[in-house]
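**Student:** Have a look at the structure that comes next, please.
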Amino acid sequence: MLRAYDMVFVGGGLSALLLLNELRTGSSARIAVVDPSPPWEQPPVHWSYWSRGRTPYDRFAIGAWRQARVGDAPPEPIAPFTLRLVRSDDVFADLLWRLRAVPIEWLRAAARAVRRRDGGGYEVATSAGSVRARVVFDSAREVEPVFPAPHLPRAVLSGIGLRVVADRPVFDAATATLFDPLDERSFAYLLPLSRVEALLESASFGPAPVKADRVPLLRYLRERYPGGRFEVVHAEYGEIPLGFAPSGTTGPRHVLLGAKRGLLKPSAGYGVVRIAEETMRLGHLWREGRPLPPERRGFWGWRLLDAGFLELADRDPRLPLALVRRVMHAVPPSWSLRFIDEEVSIRQLVSIFRQALPVVLRGR
């Protein structure tokens with residue numbers, strides 16, 4: 001006999017837990033989460049992000065910065081933004097504690113497909129059998145409709161993070177370092193947690209992920225802080241697919257979540273904030289009894305710009321870094337963050353385009 005639920009979450013990561021938290025008040029719904037590896041079993045990773053207002057993550061911040069430098073440039077304020085760093089396990093632990101009284105059934109299985117039933121509702125095929133639901137919230141990138149949409153431009157953001165401790169005070173604890181080139185296709189972020197401790201991350205764009213190699217980051221530390229000795233106390237590696245959301249779902253109550261909803265840009269920091277904002281919006285619509293849009297569609301002009309960036313990454317992995325280098329050294333860091341957040345003025349946009357145009361033309 002098939003098990004039936006009111007809601008099935010296909011994927012139990014950040015976006016699912018955030019939405020479950022939004023829906024938990026007064027809910028007596030039967031809920032299942034289909035995920036072969038629940039979040040409490042995942043190794044901890046660091047999430048850095050910037051925001052102008054409050055986010056659900058701020059109280060877990062282990063570091064916060066209001067000024068940043070680009071490479072060797074002098075520090076500059078990034079107002080109205082604050083850059084923060086949190087650990088994923090702190091965020092997950094809090095969300096799971098808030099959901100402790102919600103009767104959620106965790107199904108340790110891999111989802112295979114979501115199908116709309118003729119009589120209404122949906123059936124989710126999994127590696128452990130099928131379940132039925134009135135509503136399906138879907139953040140599983142590999143389940144149809146897949147993310148990124150295969151007929152549109154796509155690339156991969158990949159990199160490693162090293163939490164390091166120095167044998168002497170070497171870091172400027174008040175200043176984050178952004179977009180510092182490591183090589184022709186990778187750059188570094190340095191987020192100092194104190195004068196002797198920092199998180200150092202690499203980021204690379206391209207048609208395929210780079211390997212988990214610590215050597216470029218360790219070389220970066222030796223060159224930037226000669227004479228210092230560094231101990232790696234934590235290491236992590238990640239790959240994030242970049243692309244566009246699927247163009248449709250199997251029905252009006254098959255709702256996409258997270259990156260699959262179309263919230264991902266070539267920045268993980270942009271993603272974690274927009275995922276929180278979008279899940280809050282979905283929760284508000286749900287509580288008001290209004291229909292949930294199955295997917296999110298952004299302004300066509302920004303979609304065009306995102307497509308151009310992904311095409312550059314696919315054509316030549318060196319071009320995205322060349323573009324970022326030109327733009328970041330030509331405009332204040334706060335302009336760059338505003339640009340990613342899609343809130344720059346026309347004057348600022350023209351200035352950014354002027355800097356980016358030589359790289360774009362070189363890629364054609």
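**Student:** Suppose we keep only residues that are within 11 Å of Pro332 (Cα to Cα) and buried (at least 18 other Cβ atoms within 10 Å of the Cβ) within the range 68-98. Which one would you say is modelled with the lowest pLDDT?
**Tutor:** The selected residue is Val70.
**Student:** Any residue at all in the range 161-171 that is crowded, with 21+ Cβ neighbours inside 10 Å, in a loop (DSSP other than H, G, I, E, B) and at pLDDT 95 or above?
**Tutor:** Looking for residues that are crowded, with 21+ Cβ neighbours inside 10 Å, in a loop (DSSP other than H, G, I, E, B) and at pLDDT 95 or above, one finds at least one in the range 161-171, hence yes.
**Student:** Another question, then. Can you name the residue in the range 260-305 that is part of a helix (DSSP H, G or I) and among the charged types (D, E, K, R) and is also farthest from Val146 (Cα to Cα) among such residues?
**Tutor:** Arg287
**Student:** Considering only residues that are more than 18 Å from Ile340 (Cβ to Cβ) and open to solvent by 30 Å² or more (accessible area, probe 1.4 Å), which ones fall in the range 258-293?
**Tutor:** Hits for the range 258-293 are Met280, Arg281, His284, Trp286, Arg287, Glu288, Gly289, Arg290, Pro291, Pro293.
**Student:** For residues that are out of contact with any helix residue (DSSP H, G or I) (no Cβ under 7 Å at 6 or more places or on another chain) and either without any contact (Cβ under 8 Å) to a residue 40 or more places away in the chain or open to solvent by less than 60 Å² (accessible area, probe 1.4 Å) (or both), tally how many sit in the range 309-326.
**Tutor:** The number of residues fulfilling the criteria is 5.
**Student:** Does the range 44-52 contain any residue that is out of contact with any Ser or Thr (no Cβ under 6 Å at 6 or more places or on another chain), part of a loop (DSSP other than H, G, I, E, B) and open to solvent by less than 50 Å² (accessible area, probe 1.4 Å)?
**Tutor:** no
**Student:** Of the residues Asp35, Asp6, Asp58, only one is crowded, with 19+ Cβ neighbours inside 10 Å and either touching a strand residue (DSSP E or B) at 6+ places or on another chain (Cβ under 8 Å) or hydroxyl-bearing (Ser, Thr, Tyr) (or both); which?
**Tutor:** Asp35
**Student:** Is at least one residue of the range 117-126 open to solvent by 50 Å² or more (accessible area, probe 1.4 Å), within 24 Å of Trp286 (Cα to Cα) and assigned to a strand (DSSP E or B)?
**Tutor:** No, because not a single residue in the range 117-126 is open to solvent by 50 Å² or more (accessible area, probe 1.4 Å), within 24 Å of Trp286 (Cα to Cα) and assigned to a strand (DSSP E or B).
**Student:** Turning to a different aspect of this structure: Would you confirm whether any residue within the range 25-32 is within 21 Å of the chain's Cα centre (by Cα), polar (S, T, N, Q) and either in a loop (DSSP other than H, G, I, E, B) or surrounded by 16 or more Cβ atoms within 10 Å (Cβ to Cβ) (or both)?
**Tutor:** So far as the range 25-32 goes, no, none of its residues is within 21 Å of the chain's Cα centre (by Cα), polar (S, T, N, Q) and either in a loop (DSSP other than H, G, I, E, B) or surrounded by 16 or more Cβ atoms within 10 Å (Cβ to Cβ) (or both).
Yes/no matrix, rows are residues, columns are (1) out of contact with any Asp or Glu (no Cβ under 6 Å at 6 or more places or on another chain); (2) in a strand (DSSP E or B); (3) closer than 18 Å to Leu182 by Cα:
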site	(1), (2), (3)
Asp213	yes, no, yes
Leu217	yes, no, yes
Glu231	yes, yes, no
His234	yes, yes, no
Pro246	yes, no, no
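**Student:** Follow-up. So is Leu157 at negative phi, modelled with pLDDT under 95 and crowded, with 19+ Cβ neighbours inside 10 Å or not?
**Tutor:** yes
**Student:** Out of the residues in the range 187-201 that are closer than 20 Å to Met328 by Cβ and open to solvent by 10 Å² or more (accessible area, probe 1.4 Å), which is modelled with the highest pLDDT?
**Tutor:** Glu201
**Student:** Hey, can you tell me all the residues within the range 32-45 that are of a type in the set (A, V, I, L, M) and touching a helix residue (DSSP H, G or I) at 6+ places or on another chain (Cβ under 7 Å)?
**Tutor:** Val33, Val45
The values are calculated or read from the model by the stated rules, or taken from the named source; none is laboratory data. Bear in mind the structure is a predicted one, so any value in this text is a computation, not a measurement. Counting neighbours? That spans all protein chains shown, and the Cβs are built from the backbone with ideal geometry, glycine included. Ligands, DNA and RNA are excluded from the accessible area calculation, which covers all protein heavy atoms including side chains. Shrake-Rupley method; radii C 1.70, N 1.55, O 1.52, S 1.80 Å.
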